[in-house]
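Notes to accompany the following structure.
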Ligand code: AVJ
């Protein structure tokens, strides 16, 4: 945890700082990464099981259908697999098993900010898949990538060709002005023969998209509202959860789903650890997440803008979701 010293000499966390800054803005907002405390991560896993949340299910189908093709596109070269934000590695397993049918041993480097999730994943995968060597890296994406790259270059017995996975449409959380920069940094860490496989949620009718973020079981609502509970737990907030509601809609002009927490009434909220009081008007919202949706054309432009070309798109029959294989140019 990064600790900052404030003017009045209180020690407050980065989370506290970001909450204060986000709630002081004229359009109140909180960063999506704070949705994922332990409870939030469990709720997200439940979202992935909901009928309306087509993203996970569709990505799994694409991996089942096309893993052999993805493996074949590596031309029998031995590769090491790196994964950004591996989470439970549930779907990745399909691809890992497919690689294992062609190359043994296989080296897999999951990178995830959560120690506890990594630990569970490593344990499970290594008991189930012999011939899979796993080295988990608990850090954020780019720091983890550099670490793994350096590890691979200094160990001559490891395949130095890399396939980097970035699944689950996590790229959708990046703002358009950030995403090119992020991909360029990844490109600079890659060698010419390496490849990058990215999961993109594709544009489709608004109803289908909105249903995915408003599931009937209320998991997405719980996930979103948990952010307020987290502020109450960790920062001594006094949010009355029942006085806020989950709001998610597709903003077609901006190609994104927006998730907000809406104040049902005029109210004020105190947050003890930062000694602040925030005022909410009736229907005012806290913007908690954007989830961008792409067209195949936008994906190809994004690739070019960041120094890649799309080697191949793997989509489902309905073209709801795309796994794009990028290669550096
Ligand atoms: C993990 C960012 C891909 O945007 O669909 C799911 C997060 N938010 N339901 C997404 C999320 C609400 C998810 N990503």
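Filtering segment 220-260 to residues that are crowded, with 20+ Cβ neighbours inside 10 Å and more than 24 Å from the chain's Cα centre (by Cα) leaves 237, 239, 244.
Within segment 123-171, the set of residues being more than 16 Å from the ligand (Cβ to nearest atom), within 20 Å of residue 63 (Cα to Cα), in contact with a strand residue (DSSP E or B) (Cβ under 8 Å, 6 or more places away or on another chain) and in a helix (DSSP H, G or I) comprises just one member, 125. For segment 85-121, a tally of residues being modelled with pLDDT under 95, buried (at least 18 other Cβ atoms within 10 Å of the Cβ) and in a helix (DSSP H, G or I) returns 3. Name the single residue, out of those in segment 21-43 being out of contact with any strand residue (DSSP E or B) (no Cβ under 7 Å at 6 or more places or on another chain) and under 20 Å from residue 284 (Cβ atoms), that is surrounded by the most Cβ atoms within 10 Å (Cβ to Cβ). Result: 34. Candidates 198, 185: the one that is buried (at least 18 other Cβ atoms within 10 Å of the Cβ) and either at pLDDT below 95 or outside any loop (DSSP other than H, G, I, E, B) (or both) is 198. Checked against (1) in the same structural domain as residue 66 (by TED's automatic domain parsing); (2) more than 14 Å from the ligand (Cβ to nearest atom), residue 244 passes all but condition (1). Among the residues making up segment 172-182, those that are at pLDDT 95 or above and away from the ligand (no atom under 16 Å from the Cβ) are 180, 181. Reported count of residues in segment 210-221, each being farther than 17 Å from residue 168 by Cβ and either part of a helix (DSSP H, G or I) or within 10 Å of the ligand (Cβ to nearest atom) (or both), is 4.
Output the residues belonging to segment 271-290 that are part of a strand (DSSP E or B) and away from the ligand (no atom under 16 Å from the Cβ).
271, 276, 277, 278, 279, 280
Looking at (1) closer than 28 Å to residue 184 by Cβ; (2) within 16 Å of the ligand (Cβ to nearest atom); (3) surrounded by fewer than 14 Cβ atoms within 10 Å (Cβ to Cβ), which is the only condition residue 75 fails? Unmet condition: (2). Any residue at all in segment 136-148 that's surrounded by fewer than 17 Cβ atoms within 10 Å (Cβ to Cβ), more than 14 Å from residue 83 (Cα to Cα), modelled with pLDDT under 95 and in contact with a helix residue (DSSP H, G or I) (Cβ under 8 Å, 6 or more places away or on another chain)? Scanning segment 136-148 turns up no residue that is surrounded by fewer than 17 Cβ atoms within 10 Å (Cβ to Cβ), more than 14 Å from residue 83 (Cα to Cα), modelled with pLDDT under 95 and in contact with a helix residue (DSSP H, G or I) (Cβ under 8 Å, 6 or more places away or on another chain). When residue 207 is tested against the conditions (1) in a loop (DSSP other than H, G, I, E, B); (2) surrounded by fewer than 21 Cβ atoms within 10 Å (Cβ to Cβ), the lone failure is (1). List every residue pair whose Cβ atoms lie under 8 Å apart, where the two residues are 6 or more positions apart in sequence or sit on different chains, the first residue falls within segment 291-308 and is closer than 23 Å to residue 188 by Cβ and at pLDDT below 95, and the second residue, located anywhere, is assigned to a helix (DSSP H, G or I) and within 16 Å of the ligand (Cβ to nearest atom). Correct list of pairs: empty, since none qualify.
The values are calculated or read from the model by the stated rules, or taken from the named source; none is laboratory data. Since the model is a prediction, treat every value here as computed from it, not as a measurement. As a convention, Cβ positions derive from the backbone with ideal geometry for all residues, glycine included, and neighbour counts pool all protein chains shown.
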